[in-house]
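A short reminder: the numbers here are calculations on the coordinates, not readings from a lab. In this text the structure is predicted, and so the values were computed from the model without any measurement. Every residue, glycine as well, gets a Cβ built from its backbone with ideal geometry; the counts of neighbours run over all protein chains shown.
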Amino acid sequence: MIIYAIFSLIVAVTLAWTLIKQKVVRAVLGLATTVALIGATTILTLNFTTHYGMHQVTTVTTQRIYSATGKRSAAGVVIAKPLGTQSDNYVLVYSDHAAGKATPHFVPNRQSVTTMVKKRATYQASAATQATVQTTTVRWQWRNATAKRWLNVGDQAGELVRQKRLVKVPRKTWVVLSPDQMKTLKKALQTEAKATTTASAAQQAAIQSMSQEQRAKLAVKQIKQVLK
């Protein structure tokens, strides 16, 4: 609506200064409409440059994730590939479902550079028992209906400010590996599978008697030893 108000004020300013004959009336109306025009233009400019009339709204969602290796390893695995030389920003490979296939997540869309630079993805070890991805999104929204009615020029609501995706993995039962480390782990898993096949009945029984958490902790220790 402010665009229409500015156009109307331009017309009013023109008419006030050119058509009104009485000097006093012309000066009063001319100054009033000029000030109003400057004010409306300033407000619109502030809206474009500083999002005047809007505020930032933060939403946080959390979703459970699953190992990139599925059931091939008792330990949970996330593969982290750094994005260029930029620190603490990664493409992370994991599965969204227990029986799902591992896929790359947070691959930047290089065709939309403006949006790409506002998004980041990283990981950290935590004391939790399940791996999760926490997405924190900040967007511009209108402060109230009045601000939206007067200042909305092309749908500005929902404009992305920044977005951070944080993958949290249990520090004792999960590992985060680079692509090269994952290649080494695959070879180790093949060796482990052969060893399990040839293990004695007593050894297999001992492994089976362990809880899932105990097997995962043991697998993490073995993975770290392999990668030394």
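Data table
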| quantity | calculated |
| --- | --- |
| Inter-label distance for residue 103 and residue 46, nm, one decimal - labels placed 7 Å from Cα along Cα-to-Cβ | 4.5 |
| Inter-part distance where the stretch 1-63 and the stretch 114-187 are each reduced to a Cα centre, Å | 38 |
| The chain - Rg and Dmax from Cα coordinates, angstrom | 30.1, 110 |
| Reach of residue 221 by Cα under 23 Å, taken over lysines that are not fewer than 8 positions away in the same chain | 71, 81, 168, 172, 183, 186, 187, 194 |
| Cleavage-rule hits, trypsin sites (Lys or Arg not before Pro), the stretch 32-120, DSSP coil, Cβ neighbours within 10 Å at most 11 | 71, 101, 110 |
| Cα centre as origin, Lys/Arg/Asp/Glu Cβ charges: the chain dipole, Debye | 460 |
| For the chain, calculated [θ]222 nm from helices alone, where every DSSP H run of n ≥ 4 adds -39500 (n - 2.57) | -14000 deg cm²/dmol |
| Among 36, 84, 151 - extreme Cα towards positive end, dipole of the chain, charges at beta-carbon | 84 |
| Cut-off under 5 Å, modelled amide H: who pairs with residue 94 long-range | 103, 105 |
| Estimated FRET transfer efficiency (residue 178, residue 212; beta-carbon r; R0 22 Å; 0.05) | 0.30 |
| Stokes-Einstein translational diffusion, the stretch 2-50 - Kirkwood Rh over all Cα pairs, 1.567 mPa s, 4 °C, in µm²/s | 116 |
| Nearest 10 degrees, 0 to 90: helix 23-50 Cα axis against the chain principal axis | 10 |
| Residue list for the stretch 130-151, given a label point 7 angstrom along the Cα-to-Cβ vector of residue 157 and an amide N cut-off under 11 Å | 141-149 |
